[in-house]
Ligand SMILES: Cc1cc2nc3c(=O)[nH]c(=O)nc-3n(C[C@H](O)[C@H](O)[C@H](O)COP(=O)(O)OP(=O)(O)OC[C@H]3O[C@@H](n4cnc5c(N)ncnc54)[C@H](O)[C@@H]3O)c2cc1C
């Protein structure tokens, strides 16, 4: 049986291991933390949002970024200190502006295709992840934002996504808890939300049942290939250990760039920092005052998701500041202020802040496919939509690996893949 190593136990690594185990491969998952989903897949915005498929490669993003450059509480913040990594990434970001339309349509198409896999896997494996199929409401405070959303809606429609404009009165009917004055909104009924950490944890248990060898607490120090097979060197207190495989899939989030370089590939992922707060809804008034429908506020670039009865997650902002993971008080404050303004009945005394690094490609499209060596593969670089896209890209990479290395007999749920 062909052996495959998957590096990374975030949403992309665990879904990839699942897709490969289901295809009958002998899979080893390598994760440096003691548990799955402890980095970017820990406390994100929760949105499974085809309606957020618009890529950021647009001149308006550059103009806004320049305006916000010196404002510490702005939705987008760039540390002006130059680095080759940042400069090369921005150059490629600008170079991808001509593909804005095509990449937005393609992302919408992928996001829609992801749904059936994700929901089917959760059902097959009995995973409770606070899934809410209540739709996503995009809210706009001014005419310009609303009109731009109209243009985006036409692109999303080309990708197969229905999204309708709604009046302020209709917005109030869709989500009665939302306070404030709005110009209008766009509602996507078929979008949903869920807890990425709970899902990834549940699927990590499922892959063990399928026979995947899950090695947690192992740091992959080096990767190499002779073109036919791939090797992985694990660092440990007892010294380094080298393992060999027929194939290797890199799903290491923001670390994928450095691993790819060792394998002779350029995967120019930049760590784009974002923040979230999880508001604990500890009293009845707060639970009744927090929204059920997920929101995306295009002006502040914040998203929100209701996770179960007693948690409300707000996430967003983009910060270009290298691999720094510090939780900055001045970046968390606007998230709490947003809750206080939009949902004044919610008590914000119990708020858990978090920061994560989005593994983002300059063209905002995930890197899914073969590397330069025939036994090396990538499923990484999902940026702001890794939760939304993970199930479809895992399915895609499963097919690519099977085509490249030969397809073993598929395995039914609950059956061991490794003899
Ligand atoms: C604030 C914020 C809000 C977001 N909101 C949304 C949203 O609403 N909807 C959406 O679709 N997406 C959202 N995203 C994006 C989404 O969370 C990410 O795209 C996704 O979690 C990335 O998953 P990943 O598996 O690629 O990376 P990670 O989850 O970071 O997983 C990579 C794993 O690789 C491991 N690893 C790395 N190097 C090594 C090594 N050398 N050895 C062993 N293990 C290694 C790491 O420990 C890590 O566990 C958001 C992101 C942020 C930051």
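Can you put 276, 286 in order, fewest other beta carbons within 10 Å first?
Neighbour counts put them in this order, fewest first: 286, 276.
Computed from Cα positions, the angle between helix 329-342 and the longest principal axis of the chain comes to roughly 50 degrees.
Assign one of three labels to the range 89-145, namely rounded, prolate or oblate, based on the Cα gyration tensor with a ≥ b ≥ c the square roots of its eigenvalues; rounded applies when a/c is under 1.5, prolate when it is not and a/b is larger than b/c, and oblate otherwise. The shape class here is oblate. When Rg and the Kirkwood Rh are both derived from Cα coordinates, the Rg/Rh ratio for the range 57-200 amounts to 1.01.
Between residue 285 and residue 143, what is the label-to-label distance in nm when each label sits 7 Å out along the Cα-to-Cβ direction? Spacing of the two 7 Å Cα→Cβ label points: 3.9 nm. Only alpha carbons enter this Debye calculation for the range 273-339, each as an equal point scatterer, and the log10 of I(q)/I(0) it gives at q = 0.16, 0.27 Å⁻¹ is -0.56, -1.21.
Sort 94, 397 so the one with the fewest other Cβ atoms within 10 Å of its own Cβ comes first.
By the 10 Å Cβ count, ascending, the order reads 94, 397.
With neighbour counts taken as other beta-carbon atoms within 10 Å, the residues 38, 205 rank, fewest first, as 205, 38.
Expressed in Å, the radius of gyration and Dmax of the Cα atoms of the range 187-233 are 17.3, 51. Residues considered: 275, 18, 35. Largest GNM mean-square fluctuation over the chain, using C-alpha springs under 10 Å, is found at 35. With contributions of -39500 (n - 2.57) from each DSSP H run of at least four residues, the per-residue ellipticity at 222 nm computed over the chain stands at -11000 deg cm²/dmol.
Quick one: work out the % antiparallel among DSSP beta bridges in the chain, nearest 5. Bridges in the chain are about 70 percent antiparallel. Taking a ≥ b ≥ c as the square roots of the eigenvalues of the alpha-carbon gyration tensor, the range 279-419 is classed prolate because a/c is 1.5 or more and a/b outweighs b/c. Rounded to whole Å, the principal axis extents of the Cα atoms in the range 188-290 read 61, 33, 33, largest first.
Relative to the compact-globule estimate of 2.2 N^0.38 Å, the Cα radius of gyration of the range 154-222 comes out at 1.89. Mind checking the angle between helix 59-68 and the chain's longest principal axis? C-alpha axes, 0 to 90 degrees, to the nearest 10. Here the helix axis deviates by roughly 70 degrees. The angle separating the long axis of helix 84-95 from the principal Cα axis of greatest extent in the chain is about 70 degrees. Per-residue extension of 0.36 nm, minus the Cα-Cα distance of residue 92 and residue 116, leaves a gain of 5.4 nm for this segment.
Protection proxy ranking of 53-61, 214-222, 314-322, by the mean of other Cβ atoms within 10 Å over each peptide's residues and highest first, is 314-322, 53-61, 214-222. Stokes-Einstein diffusion for the chain at 25 °C, viscosity 0.890 mPa s, with a Kirkwood radius from C-alpha pairs, works out to 112 µm²/s. Given R0 = 35 Å, the distance between the Cβ atoms of residue 64 and residue 167 translates into a calculated FRET efficiency of 0.85.
Each reported figure results from applying straightforward, stated rules to the coordinates on display, with no laboratory input. As the structure is a computational prediction, the values presented were derived from the model and not from experiment. With ideal geometry, Cβ positions are generated from the backbone for all residues, glycine too; neighbour counts draw on all protein chains shown.
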